[in-house]
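Report on one structure; see the data block that follows.
The values are calculated or read from the model by the stated rules, or taken from the named source; none is laboratory data. The structure displayed is predicted, hence computed values, not measured ones. In this analysis, Cβ positions are derived from the backbone assuming ideal geometry, glycine residues included, and neighbour counts consider all displayed protein chains.
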Amino acid sequence: MAQDPEQQDGGQDSAQVDLSHGLDMVSLYDSQAVDSESVADNIRGVLESNGIESVMERTPYAALGFRVLVARADLERSNALIAEALAAGPEAAAEAEAQSENPQ
């Protein structure tokens, strides 16, 4: 292609593109509830703090809901992390926040 001179010269790029379905984005959370934006933000925070990338998507009309998407390969781990956070409850979140504010 004209945009990729290495490919024209027959050279091989050392970085290979991963075309596996493990990178397909799948829905982890999808809600039309009034608090769906704050819940989606909290979910993304849990995922981000554990090194999982995610995307938050909303409809053009916020009242119609929010979704959090993750790579298919991360779906099982993401579900486990969310279940763990829910089981720990808000007290654990407050404790973790307090620890992050006072590094020792």
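Counting only strands (runs of 3 or more DSSP E) wholly contained in the range 24-88, the ones carrying 2 or more residues that are touching a strand residue (DSSP E or B) at 6+ places or on another chain (Cβ under 7 Å) and of a type in the set (Val, Ile, Thr) occupy 66-71. Note on the range 40-81: among residues that are of a type in the set (S, T, N, Q) and within 14 Å of Val26 (Cα to Cα), the one that is surrounded by the fewest Cβ atoms within 10 Å (Cβ to Cβ) is Asn79.
Listed here are the residues, each with its yes/no results for (1) among the hydrophobic types (A, V, I, L, M, F, W, C); (2) out of contact with any helix residue (DSSP H, G or I) (no Cβ under 9 Å at 6 or more places or on another chain); (3) farther than 24 Å from Val34 by Cα; (4) modelled with pLDDT under 95.
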residue: Met56; (1), (2), (3), (4): yes, no, no, yes
residue: Thr59; (1), (2), (3), (4): no, yes, no, yes
residue: Ala63; (1), (2), (3), (4): yes, yes, no, yes
residue: Arg72; (1), (2), (3), (4): no, no, yes, yes
residue: Asn79; (1), (2), (3), (4): no, yes, no, no
residue: Glu84; (1), (2), (3), (4): no, no, no, yes
residue: Ala87; (1), (2), (3), (4): yes, yes, no, yes
residue: Ala93; (1), (2), (3), (4): yes, no, no, yes
residue: Ala98; (1), (2), (3), (4): yes, yes, yes, yes
